Structure formats: structure tokens, C-alpha cells
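Report on one structure; see the data block that follows.
The values are calculated or read from the model by the stated rules, or taken from the named source; none is laboratory data. Please read all numbers here as calculations on a predicted model, not as lab measurements. Note: ideal-geometry Cβ built from the backbone for every residue, glycine included; neighbour counts use all protein chains shown.
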Amino acid sequence: MVDPRIDAIFNPRTVALVGASGEKGKMGYVFARNLASGYKGKIFMINPKGGEILGHAAYKSVLDCPDDIDLAVIVIPSLAVLGAIKELVAKNCKAAVVITAGFSEAGPEGKKLEEQIMVEARKIGMKVVGPNCFGVYNCNIGLNASMGIGTPETGGDISFLTQSGAYGMAIFTFATDHSMRFAKIMAHGNKAGIEDYEVLKYFGEDADTKVICLFLESINKGREFFDEARKVALTKPIIATKTGRTVGAVRAAASHTAAIAGSFTAYEAMFKQAGVIFARNGMDMVNIAKGIDWQPLPRGKRVGIITNSGGTGVELTDLCEENGLVVPELSAETQAKIAKLIPSFASPRNPVDMTTIWPRFVELYSKLTRILYESGEVDIVVALVLQRAAYMPEVCTTLADTVNDLLAEGRKIPTYVCWVSTRNALANMDLLQKKRVPCFDWPERTARAVSAIADYADFLKSRGVDISKR
């Protein structure tokens, strides 16, 4: 069962915005607009002038609110936050998101103030997100208690915890631009009142969350985190980016979220042992997440590559094998089936190179994908869609339909697209990704993402998990 205090952050029945404003340009207005734009629960605008803000009654104090408060969002100056927390304690508020900066990341005085806030909050067990944070979302109920613009579509199953606010939201926005849908997002800044392992445990128990993404600068309670990760990774993939891997980065992290980073070598070893998928950067995190979310897990590491460029196919083969994957030569029987479809000067061996025979791209991408699925000789299909092929919307539509037809037939082989093209063709990439066929830019990113997914499948098998049911 999920922790009700953390659930109040993501599924509040009532929200109080402390510092609400009807004046455009103020932070209180940004949050008031975001809350009022999609959240269907009760909203209490808190402003010492009272009145009305964006159609909602404004109260001079949280103590004046007519109902209990599940979640408070605080956007007032740092020196006023302690007083607001005391009032919320008196109101028996379950959780608070403190957006305001100027606490432990700002020096000794700020740290002292942060500690005073937490002393008060702990009197009633109130969970505190932040301070110095970007905020939270629950996209599936229209809750945007953050600085972000707009609330993405409902129907998401990826949940994301990020220590960095602005960059975390950039990763999130990039992912939504690539047709990914999210359930819950928390950017928790200084992490004064809620630990990573608590959020991880919550996501692990949350029915809406199927894939977990973490952008971490530090982990305060490593033992608790990895104990929890070992449990959760057996049922839900955890994809983590851990920054602060170098001396300079550790210094930078401490300056903006008061993060204390430990030895990355130790983190890396513990990630591997726990089954956490390590992504070296935000882009890799996005790629791995959509690959796992949209396609079945591979049952092995044999990759079948379809390409319209021999040189790019060779490069992708190198990168796949350097990342622990295998690109096997296809059997004589399968090669014979392929050879009947492609020009005599093309290659049926694997990579399957159809060459630049663009008038037949629509037919060949579809038929070659089906042959690889039915061969029993590969565990993964990567379709390399390059330049002319990427400019043809009918190629992307037909390939996406073929992949989904094969999956509907019960053939649990994942297909990923290695996308090599220009900005002019991005609308065609969307045709694939809106039908849940993941596209990865260029061979190197493709090989890293596919390898990470295959390694996670191997981890599950090593722990006795039947991945055919995943």
C-alpha cells in the first residue's frame, strides 16, 4: 500500500497555494494559473489581501481555509516560509512543496532556516518536497504544482524523480515532445523532507507507474535506497542518471542543491547489483525509458538490422557488438527468403542492406521486418531509417503498422528505429513514435539504449523472473 503522506503530494483532494497572486509576472500567478488550468480538486488561494484569484476564493491564512489541506504549495520569500509551515502544522496539513530558494544551498543561515522548517514539519509527520525545487505533477489528474508550462496528456505510466529542477523539466519536456506520456513527476531540490528511497518505494507500489526514471545528484541514504531498488527492479524498470561523477561536477552540484555526492564507483557497482539501469545522461534515460515502455523486453541479445545504407549498417553493427550485443549472420534459409526481395547487389546476411532502392522502401521495410520476426534467429530488430527513407511518411506509417501487427500476433520481439535524418523529417518520426515504435537518434545512441534494455532483461532472467510475461 502506498504511503498516504506521499500520496497526498500526487493525489491531493485539496491544495492550498501559499503566496498565490492574480498579478501576471509573479511566481504566485504562475502557480495559480497552473493549478487552476487542469486540477479538479479544491484549490485554496492564500494571499494576505484576500479576495479572489482566477475564480477561486483567496484566504488571508491557511488557518482560514474551510476544509482540511492535503497539499500546500509555498511560493513566498524564504524568511516567511517558517511561519507558513507553523500554520500548516496547526492545520494538520499532510504535505508541502516548498518552491522557494535560499536555504541550505545558500549557506549556513539558509541551512539553519531549513532545519527549523523541518523541526516543525516533523511534529505531525508532514512530508516536505524541497525547498528550492521546481514542483510536482500528476499528469493523469491534471495536477501541475510546478513552474512548468501546461500539463501533458493523461494516460501516462512513466514516473520521474529529479533533483535538478530546470534540467529535469527539460528532460521531461523533451520526452513529451517524443510522444512519451508521464504519470507523476517530482523535482525535489534540496531533499530536506523526503528521501529518494521513499519516493522510489512509492513509485514501486503506485498502480499508475510502470517505468521509473531518476535523475540524481546525490543519494542521502544509500543503504535504504539500494535495499528498496533491489525489490522494485524485479517488478518495474528503474532507469537512473547519476551526475556528480567527477570532482568538478561534485562541486557544481553542492552549489545549487546542497548535494553531497559519494564515490561514483560505489554507486555504479550498487546500481548493477540492484538491477538499476544506469543512463549516462538525460538523453539516454529518455531513450531507454521509451524503449522499455513501448516494446516487449528482448529474450536475448541477437540483433537483426535492416538498413538502406551499407555504411551506417556497418557502424551500427560495430557499436552494437562493442556494447555487448550480437549481430549474427542469418541462416542460409533466411537469407534465401530475403534475397528474393532485394536487388542482387544488396546483402541479405545481417545487417540486411536493401541499398538505396527507394521506390520499394515501403514494401521492404515491412516485409524484411516480418521475415526477421519469423526467423527465430534474432531477439531484437533494429530498423535503420536514414535520409530518403525518413523523408517518406508512408515508410514510417507502414513500418509502425507492421510492428504493431506482429506484436498483436503474439510475437514478443522488440523493434527499435535508428533514426538518421534532418529536422525536416521529424514529423515522420512522430508517425512511428505515436504508435509506440521508439526512435533513437543515430547509431551510437541506438546501441547504448538497446544494450541497456537487453542487460536489464538479462538481470531479470538471472533473478528467475519470467520476462515473457512482461
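Looking at the range 297-331, which of the residues that are in a strand (DSSP E or B) and in contact with a Phe, Trp or Tyr (Cβ under 9 Å, 6 or more places away or on another chain) is nearest to residue 399 (Cα to Cα)?
Selected residue: 306.
The listed residues are 53, 74, 69, and the only one of them that is in the same structural domain as residue 32 (by TED's automatic domain parsing) and farther than 22 Å from residue 8 by Cβ turns out to be 53.
Select from the range 413-470 the residues that are of a type in the set (Gly, Ala, Ser) and touching a residue at least 40 places away in the same chain (Cβ under 8 Å) and list them in ascending order. Across the range 413-470, the qualifying residues are 447, 449, 451, 452, 454, 457, 468.
Regarding residue 430, is this residue surrounded by fewer than 20 Cβ atoms within 10 Å (Cβ to Cβ), out of contact with any helix residue (DSSP H, G or I) (no Cβ under 7 Å at 6 or more places or on another chain) and under 25 Å from residue 300 (Cβ atoms)?
No, not satisfied.
Return the residues of the range 382-412 that are surrounded by 24 or more Cβ atoms within 10 Å (Cβ to Cβ) and among the β-branched types (Val, Ile, Thr); say none if nothing qualifies. Answer for the range 382-412, where residues must be surrounded by 24 or more Cβ atoms within 10 Å (Cβ to Cβ) and among the β-branched types (Val, Ile, Thr): 382, 385, 395, 403. The C-beta contact set for the range 310-327 (first residue in the same structural domain as residue 420 (by TED's automatic domain parsing) and of a type in the set (Val, Ile, Thr), second residue in a helix (DSSP H, G or I) and surrounded by 18 or more Cβ atoms within 10 Å (Cβ to Cβ), distance under 6 angstrom, 6+ apart or interchain) comprises 327/317; 327/320. For residue 198, the criteria (1) at pLDDT below 95; (2) of a type in the set (D, E, K, R); (3) more than 30 Å from residue 423 (Cβ to Cβ) hold in every case but one, which is (1). Does residue 202 qualify as being touching a helix residue (DSSP H, G or I) at 6+ places or on another chain (Cβ under 6 Å), of a type in the set (Ser, Thr, Tyr) and closer than 24 Å to residue 115 by Cβ? No. Residues in the range 178-208 that are among the hydrophobic types (A, V, I, L, M, F, W, C), under 18 Å from residue 11 (Cα atoms) and in contact (Cβ under 8 Å) with a residue 40 or more places away in the chain: 182, 183, 185, 186, 187, 194, 199, 203. For the range 37-94, taking the residues that are hydroxyl-bearing (Ser, Thr, Tyr) and not in a strand (DSSP E or B), the one that is farthest from the chain's Cα centre (by Cα) is identified as 61. For the range 3-18, the count of residues that are over 28 Å from residue 158 (Cβ atoms), part of a helix (DSSP H, G or I) and either among the small types (Gly, Ala, Ser) or assigned by TED's automatic domain parsing to the domain that holds residue 125 (or both) is zero.
Matching residues to (1) crowded, with 22+ Cβ neighbours inside 10 Å; (2) without any contact (Cβ under 8 Å) to a residue 12 or more places away in the chain; (3) closer than 21 Å to residue 190 by Cα:
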| site | (1), (2), (3) |
| --- | --- |
| 31 | yes, no, yes |
| 60 | no, no, no |
| 78 | no, no, yes |
| 88 | yes, no, yes |
| 98 | yes, no, yes |
| 105 | no, no, yes |
| 114 | yes, no, yes |
| 118 | no, no, yes |
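Cβ-Cβ distances below 6 Å connect the following pairs, each with a first residue in the range 37-49 that is in the same structural domain as residue 15 (by TED's automatic domain parsing), a second residue that is surrounded by fewer than 15 Cβ atoms within 10 Å (Cβ to Cβ) and at pLDDT 95 or above, and a separation of six or more residues or different chains: 41/13; 48/60.
Candidates in the range 198-234 are the residues that are among the aliphatic types (A, V, I, L, M) and closer than 17 Å to residue 293 by Cα; of these, the one that is farthest from the chain's Cα centre (by Cα) is 234.
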